[in-house]
Amino acid sequence: MKISPELADHEGTPMYVRFQSPTPNSRGTHPGVFGLLNSLAGQGRLSDEEEAFRRENNAWYEANFTDPATVDATVYDRGINPGAAAWFKASAGHLIQRVPGYLAILAAHGVKCVRLESADPGRIIYEDEDQVVVVPHTIGQASSSSCRS
């Protein structure tokens, strides 16, 4: 894999970032920040202001960020790629900078989240300039910290 300087840590290792629930769901996966907020919306728990934020920012991401499933319909297929999860490349600051708004809403609703960082989050099954989707090697390899808005 080619490593661009802005993506590498001081040892030249690529870094990836993910925001997710610290608790697995009923399928054994850890929903990401977007799934967590969309779940609150689906339950009708967001205020009008929070829902406006979600709609506006989800639309921005849809316009500025590739949905891997539109490139490869099997990327999130649980039978083919169990536990597949998307990670931002650390160099995707323009995308990561919008995440704190999502985190603030989650925190306001008592939904916990962790920030994971890893040089090797798993077997890469999809990659573009801003993200990778991986099948994790094992659980618990990435370092984590609580999400802060």
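Results, tabulated for the structure shown:
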| item | result |
| --- | --- |
| Verdict on Ser47 being open to solvent by less than 30 Å² (accessible area, probe 1.4 Å) and among the hydroxyl-bearing types (Ser, Thr, Tyr) | no |
| Of residues in the range 125-144 being open to solvent by less than 60 Å² (accessible area, probe 1.4 Å) and hydrophobic (A, V, I, L, M, F, W, C), the one modelled with the lowest pLDDT | Ala142 |
| Of all residues making up the range 46-80, the number that are within 15 Å of Glu129 (Cβ to Cβ), at pLDDT 95 or above and of a type in the set (A, V, I, L, M, F, W, C) | 1 |
| So Ala107, is it out of contact with any strand residue (DSSP E or B) (no Cβ under 8 Å at 6 or more places or on another chain), in contact (Cβ under 8 Å) with a residue 40 or more places away in the chain and open to solvent by 30 Å² or more (accessible area, probe 1.4 Å) | yes |
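The values are calculated or read from the model by the stated rules, or taken from the named source; none is laboratory data. Predicted, not measured: the structure shown is a model, and the values here were computed from it. Reconstructed Cβ throughout: ideal geometry from the backbone, glycine too, with neighbour counts over all protein chains shown. Accessible surface is based on the protein model in full, side chains and every heavy atom, while ligands, DNA and RNA are left aside. Shrake-Rupley method; radii C 1.70, N 1.55, O 1.52, S 1.80 Å.
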